[in-house]
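Peer 1: Pasting in a structure now, in structure tokens, and then I'll have a few things to ask.
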Amino acid sequence: MRQKFVAGNWKMHGTLKTNEPLLRDIVAGVVGWREVEVAVCVPFPYLTQAQSVLSGTAVAWGAQNLSERAQGAFTGEVSAVMLQDFGCRYVIVGHSERRSIFGESNTLVAEKFAAALASGLQPILCVGETLEQRDAGKTLEVVAAQVEAVSNRVGVAAFSGAVLAYEPVWAIGTGRTATSAQAQEVHVALRTQVARLDGKVADGLRILYGGSVKPGNAAELFSMPDIDGGLIGGASLVAADFLSICAAAAR
Ligand code: PGA
């Protein structure tokens with residue numbers, strides 16, 4: 001049985017002042033839940049705050065990006081080892097905003113995935129198609145190529161230390177969610193793709209859905225057999241909404 005997993009992706013939101021009650025409310029809300037693992041992926045400067053509030057609680061934390069390089073003269077970059085220093089368990093890799101706004105290619109994403117793993121962090125690898133690609137019937141082809149770039153680089157066994165997130169680009173921050181059937185179709189395809197290389201790794205692989213997950217649609221999405229939780233953007237900034245989504249995963 002795969003334990004459900006709900007991770008918040010705060011993106012570039014928050015202040016020391018607003019994060020504090022948000023983190024504390026999440027901690028208070030998840031006490032005693034075993035059926036679901038909960039994490040928040042916060043902006044780099046707030047990792048120290050996340051570490052101090054969340055240490056010893058049931059809530060894990062992580063970052064939203066990392067450098068593919070280990071160290072050196074790379075102004076502005078943040079390495080996997082640095083994230084480890086702040087107790088991160090997770091790091092999001094290949095989010096569509098990084099791919100489209102910051103030009104991250106499949107190859108670079110694979111390098112970042114490898115760098116995370118090499119330092120013992122669990123990458124949350126995001127894949128997803130644009131609306132144009134979906135309309136052209138290319139969804140499965142696009143996500144398969146995104147996963148393949150990584151499996152070719154690190155080998156399929158590496159996925160046993162990772163999480164996959166299917167995030168259709170057209171559903172992110174738009175209020176437009178994939179239907180549970182649309183999401184399930186892609187999740188099954190992804191799991192099958194991994195299973196072709198290693199059945200056991202595929203069985204254990206948690207595949208999250210992300211893209212306008214809200215308290216009102218979470219339960220239905222999470223009831224699908226291959227949807228193992230969610231990667232939550234906007235709704236992760238409001239404790240009550242995030243907790244309600246976590247509760248839906250715990251059911
Ligand atoms: P959203 O973002 O929940 O605000 O759509 C999800 C994500 O980008 O991870």
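The values are calculated or read from the model by the stated rules, or taken from the named source; none is laboratory data. Computed from a predicted structure; not experimentally measured. Cβ sites come from the backbone with ideal geometry, for glycine too, and all protein chains shown count toward neighbours.
Peer 1: Have a look at Gly211, Gly161, Gly204, Gly216 and point out the one that is of a type in the set (Gly, Ala, Ser) and at positive phi.
Peer 2: From the options Gly211, Gly161, Gly204, Gly216, the qualifying one is Gly211.
Peer 1: Would you say Gly204 is surrounded by fewer than 17 Cβ atoms within 10 Å (Cβ to Cβ) and within 17 Å of Tyr90 (Cβ to Cβ)?
Peer 2: In short, yes.
Peer 1: Can I ask one more? Being among the acidic types (Asp, Glu) and free of Cβ contacts under 8 Å to residues at least 24 places away in the same chain is true for just one of Glu77, Glu111. Which residue is that?
Peer 2: Answer to the selection: Glu77.
Peer 1: Being touching a helix residue (DSSP H, G or I) at 6+ places or on another chain (Cβ under 8 Å) and more than 23 Å from Lys11 (Cα to Cα) is the requirement here; does Thr179 meet it?
Peer 2: Criteria not met by Thr179.
Peer 1: Another question, if that's okay. Could you list, ordered by first residue, the pairs with Cβ atoms under 6 Å in which the first is in region 216-245 and more than 13 Å from the ligand (Cβ to nearest atom) and the second is among the charged types (D, E, K, R), at least 6 apart or interchain?
Peer 2: Asp226/Arg191; Asp228/Arg2; Asp228/Lys4; Asp228/Arg206; Ala239/Asp25
Peer 1: Tell me the residue from Ala171, Ala178 that is over 20 Å from Gln3 (Cα atoms), in contact with a Pro (Cβ under 7 Å, 6 or more places away or on another chain) and within 16 Å of the ligand (Cβ to nearest atom), please.
Peer 2: When all the criteria are applied, what remains is Ala178.
Peer 1: Could you tell me whether Val147 is out of contact with any Cys (no Cβ under 6 Å at 6 or more places or on another chain), under 24 Å from Glu104 (Cα atoms) and in contact (Cβ under 8 Å) with a residue 24 or more places away in the chain?
Peer 2: yes
Peer 1: A further question on this structure: Identify, please: which residue in region 4-45 is modelled with pLDDT under 95 and of a type outside the set (Gly, Ala, Ser) and is, among those, nearest to the ligand (Cβ to nearest atom)?
Peer 2: Ranking the candidates gives Val30 first.
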